[in-house]
Amino acid sequence: MSGPLAGVRVLELAGIGPGPFAAMLLADLGADVVRVDRPGPGSTGDPRHDLLNRGKRSVIVDLKHPDGAEVVLGLAERAAILIEGWRPGVAERLGIGPEAALARNPGLVYGRMTGWGQDGPLARAAGHDIGYIAVAGALHPIGAGGGPPQIPLNLVGDFGGGSLYLVVGCLAALLVARDTGRGQVVDAAIVDGTAHLTTVFAGLLAAGAWRAERGRNLLDGGAPFYSVYETADGGHMAVGALEPQFYAELLRRLGLGDADLPAQHDAAGWPRLRARFAEVFATRTRAEWTGVFEGTDACVAPVLSLAEARDHPHLVARGTYEDRAGVRQPAVAPRLSRTPGVPGAEPPVPGAHTETVLTEWGLGAHVPRWLGGAAVRSTQGAR
């Protein structure tokens with residue numbers, strides 16, 4: 001392995017969503033990530049398509065087996081970071097919680113990924129991204145005025161307020177552990193991270209510069225020069241001409257440079273301005289408008305689908321997407337000039353590296369036979 005995290009061992013206890021994505025980020029940056037999968041059939045799909053597991057290795061441990069917890073603790077003893085995403089109390093009940101793990105490895109960074117956090121009235125309640133961002137105040141402002149809030153996929157909560165904050169917390173704690181020899185628990189709650197993402201809007205709200213009504217503000221689609229417009233062929237163009245010079249370029253390229261229009265920041269005139277913009281954008285196709293605006297300072301871009309984005313010339317030139325084992329996927333980010341991350345192996349079949357990892361991590365001679373080779377495969381088939 002290479003990359004800025006080369007040599008850092010990460011133990012991931014299998015989960016879904018933000019925990020696996022956080023571990024994938026660490027793997028992209030060179031960490032040796034070992035995922036502890038459960039015995040059983042698991043997903044019936046092609047493992048190559050489970051991209052959150054790219055660059056990782058997989059071992060199977062049955063935590064219901066009397067020796068299962070001991071195996072995980074043995075791995076944790078040799079890891080720098082452990083990541084788990086279960087409800088509070090589950091890891092403790094299985095005998096692999098922070099107290100047990102840190103007793104074996106005082107320098108371990110124990111990363112915990114949850115929606116509600118490790119404490120509080122909702123800590124043990126079930127939940128998903130949509131509920132976390134709703135309570136954190138991030139869902140309410142998203143959507144057109146007069147309509148309901150719109151769901152921003154699970155990018156804001158799970159992966160923005162969750163995974164990224166878990167990675168930052170784990171890396172910060174890793175620096176402390178290297179300096180002091182003492183690890184700690186990282187409590188990464190999606191509600192906390194999502195609320196933290198709204199910091200700029202908290203400032204605007206305090207200054208009286210943010211209205212509670214959806215679609216009435218500068219950055220929530222209320223401003224006609226920061227919005228989305230439909231084109232003649234049913235496509236859309238995204239407009240973000242905030243600064244005066246960019247707004248002037250927008251008007252010029254729309255053919256409205258000399259038109260009698262309300263001033264840019266005259267909110268009372270925004271409805272008339274929006275209607276005029278919509279009328280003009282509807283006269284050409286998305287491709288035609290892309291040709292008009294691309295490479296200019298008008299801050300206008302075509303709204304591309306996930307499939308289309310992969311072939312955009314700018315992203316192709318930067319190598320933003322790449323092909324691995326026949327699967328097109330986002331490349332490693334961010335980019336480091338001296339120790340860049342390197343694409344890892346394709347997502348593994350669960351349990352594919354059980355014997356290899358246990359041997360490399362110094363556990364091979366002490367692991368019960370039920371974990372090795374054919375025994376693992378027969379355990380999978382029996383459950």
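The values are calculated or read from the model by the stated rules, or taken from the named source; none is laboratory data. If you're wondering where the values come from, they're calculated on a predicted model, not measured in any experiment. Virtual Cβ from ideal backbone geometry, glycine too; neighbours counted across all protein chains shown.
Observations, loosely collected:
- Checking each residue in the stretch 11-32 for being surrounded by fewer than 24 Cβ atoms within 10 Å (Cβ to Cβ) and either in a loop (DSSP other than H, G, I, E, B) or not assigned by TED's automatic domain parsing to the domain that holds PRO348 (or both) picks out ALA14, GLY15, ILE16, GLY17, GLY30.
- Failed item in (1) in the same structural domain as TYR247 (by TED's automatic domain parsing); (2) modelled with pLDDT under 95, with GLY291 passing the rest: (2)
- Residues of the stretch 97-124 that are within 23 Å of ARG178 (Cα to Cα), in contact (Cβ under 8 Å) with a residue 60 or more places away in the chain and out of contact with any helix residue (DSSP H, G or I) (no Cβ under 7 Å at 6 or more places or on another chain): PRO98, LEU102, PRO106, ARG112.
- Exactly one residue out of LEU94, LEU75, LEU153, LEU139 is assigned by TED's automatic domain parsing to the domain that holds HIS353, without any contact (Cβ under 8 Å) to a residue 40 or more places away in the chain and under 21 Å from LEU358 (Cβ atoms), and it is LEU94.
- Some residue of the stretch 55-77 being modelled with pLDDT of 95 or more, in contact with a Phe, Trp or Tyr (Cβ under 9 Å, 6 or more places away or on another chain) and within 30 Å of ARG328 (Cβ to Cβ): no
- Answer residue from the stretch 322-332, given it is out of contact with any helix residue (DSSP H, G or I) (no Cβ under 6 Å at 6 or more places or on another chain) and within 17 Å of LEU304 (Cα to Cα) and is surrounded by the most Cβ atoms within 10 Å (Cβ to Cβ) among those: PRO330
- Candidates in the stretch 180-218 are the residues that are assigned to a strand (DSSP E or B), touching a helix residue (DSSP H, G or I) at 6+ places or on another chain (Cβ under 6 Å) and hydrophobic (A, V, I, L, M, F, W, C); of these, the one that is surrounded by the fewest Cβ atoms within 10 Å (Cβ to Cβ) is VAL185.
- The stretch 148-179: number of residues that are more than 28 Å from VAL33 (Cβ to Cβ) and part of a helix (DSSP H, G or I): 0
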